[in-house]
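Shown next, in structure tokens, is the structure this report addresses.
The values are calculated or read from the model by the stated rules, or taken from the named source; none is laboratory data. What you see is a predicted model; the values in this text were computed from it and never measured. Every residue, glycine among them, receives a Cβ derived from its backbone with ideal geometry; neighbour counts consider all protein chains shown. Just so you know, the surface numbers come from the protein's heavy atoms only, side chains and all, with ligands and any DNA or RNA stripped out. Shrake-Rupley method; radii C 1.70, N 1.55, O 1.52, S 1.80 Å.
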Amino acid sequence: MLVFATLYTCLLAGFCASDSLADTIVLKNGRKIVAGNIVESDGKVTYQTPAGEMSIPESIVDHIDKNDFAYTSADAARSAAASVHVDAAAIAPTTGYDTIAALAVHDAAIDYEYLARLDNQARFGAAIDIAKDAAAHHAAAQFLIRRGDTNSAIDQYKQALVFAPQNTGLLLNISVLYLRQSRFTDAIDALEQARRVAPNSADVAKLEGWAYYGANKVDQAVSEWQIAQKLRPDPDVAQALKKAERDKSEEETYREGETAHFDLKYSGAATPDLAAAILAALEDDFNDIQSQLDYTPPEQIGVILYTDQAFADITRAPSWVGALNDGRLRIPVQGLTGVTPQLAHVLKHELTHSFVGQKTHGRAPTWLQEGIAQYMEGLRSGPSAAALLQAASEGRPPQFNGLEGSWMELSGEPAAYAYAWSLAAVESIVDSGGMGDVSRLLDRVAVDPSPEQALEAALHENYSDLTAQTIQYLRHQYGR
Ligand SMILES: [Zn+2]
């Protein structure tokens, strides 16, 4: 039987672990079981482990900790931002917002002349004119956001803030957009400005917590979320706070190292030499991925080196998980004294996830994330090509729309199959149009309504074209 040899390595080594999310069952005796697919019913708790399905009586279970790892903290910030709703009334309470919005955006376009007129009136400083100007720019920004044009939406808020620098509605909205783009420092600046006007805003504290968390400043994230919880308790914040507090207590004793693009923390189990070697390898990887994907992450990327035990305690990840990327790269390095070839693969794979996640504002489908990460770490389809071609000839070609979401439910062969097709698809894209096509595709993924629409916009292909192209590529490149 043919197997997907290389891809099992990827799975078992576990550095694709961000797709293998898991929860923790905490027993009354204090023991913890890390598992996936936890189902509670009929007095039993059933769960999946790498060894198969297990079940235990509910009576011995204290509670279940749910995990929610995301590729980037931008993802987390994005969903957090979605829960902060700043409506038009908060921006321009004294104006008839709907009337102004209808003048600012009509016939599926922004009326820039109207906006310029309002800007001119606002210059004289009358409160009502400033409010009208804010309302119009907010309407224009919301229109641009629906079109996926975050940069231009930010420009609209910036323009409105020229005349209304103390409008907290505008400040919250612009900081949400900065968070989406992983521009944490800009978000913090806008939020600090909002705080001076509205010191007791729970939304300011909540968003600032996400901004600090994204900027790898866990201490400040914890204190912001504590403030937010005092002002207005919120279950999302409670969960984020719990996770950040676990990080904070572990990292208190850690040493730090910094380079242009990375902020590294490590425990006493790692030597300064190892930390320096890892930073040097990451800097090389950064430069390579930066030029290949034509993208520069706007902020330093956090990296944490763990001992194996601390890694399991903090990430609550299964014991077979090698490393994680949940916005920071979390890498267990027990017993290592230098960058081994396997660690080098792990570093580049996980770092690629950070680039792809940030370039697409957290919108990349899983097949594209994993395809690019495997490609960048240097894997190629040779060892799995025969199995993939056979699967295709048996009527099991890849179903890319089924591989867009979480791969958490996949295990064993279906997962290996998913990784293998994803790598082959990315290889075929690079083969036909170079890395420039991959980069363009990622740019469209960031703004288009669906990954398939992005594929059509960037490469003039739909999923069935991509399937045919992938199969043809495998035959041509690796066929006998
Ligand atoms: Zn991966």
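Need the failing condition index for residue 226 against (1) out of contact with any helix residue (DSSP H, G or I) (no Cβ under 6 Å at 6 or more places or on another chain); (2) crowded, with 17+ Cβ neighbours inside 10 Å, just the number.
Unmet for residue 226, out of (1) out of contact with any helix residue (DSSP H, G or I) (no Cβ under 6 Å at 6 or more places or on another chain); (2) crowded, with 17+ Cβ neighbours inside 10 Å: (2).
In the range 363-401, what count of residues is obtained for those that are open to solvent by 10 Å² or more (accessible area, probe 1.4 Å), closer than 24 Å to residue 435 by Cβ, away from the ligand (no atom under 15 Å from the Cβ) and of a type in the set (Gly, Ala, Ser)?
Qualifying residue count, the range 363-401: 1.
State the number of residues belonging to the range 417-438 that are over 25 Å from residue 395 (Cβ atoms) and either crowded, with 19+ Cβ neighbours inside 10 Å or free of Cβ contacts under 8 Å to residues at least 24 places away in the same chain (or both).
The first filter runs over the range 417-438 and keeps only residues over 25 Å from residue 395 (Cβ atoms), leaving 430, 433-438.
So of that shortlist, the ones also either crowded, with 19+ Cβ neighbours inside 10 Å or free of Cβ contacts under 8 Å to residues at least 24 places away in the same chain (or both) come out as 434, 437-438.
Qualifying residue count for the region: 3.
Among (1) surrounded by 16 or more Cβ atoms within 10 Å (Cβ to Cβ); (2) charged (D, E, K, R); (3) assigned to a helix (DSSP H, G or I), where does residue 263 come up short?
So the condition that residue 263 fails would be (3).
Does residue 280 fit the bill of being assigned to a helix (DSSP H, G or I) and in contact with a Gly (Cβ under 7 Å, 6 or more places away or on another chain)? Before you say what the answer is, go through the steps one by one.
Values: assigned to a helix (DSSP H, G or I): yes; in contact with a Gly (Cβ under 7 Å, 6 or more places away or on another chain): no.
No.
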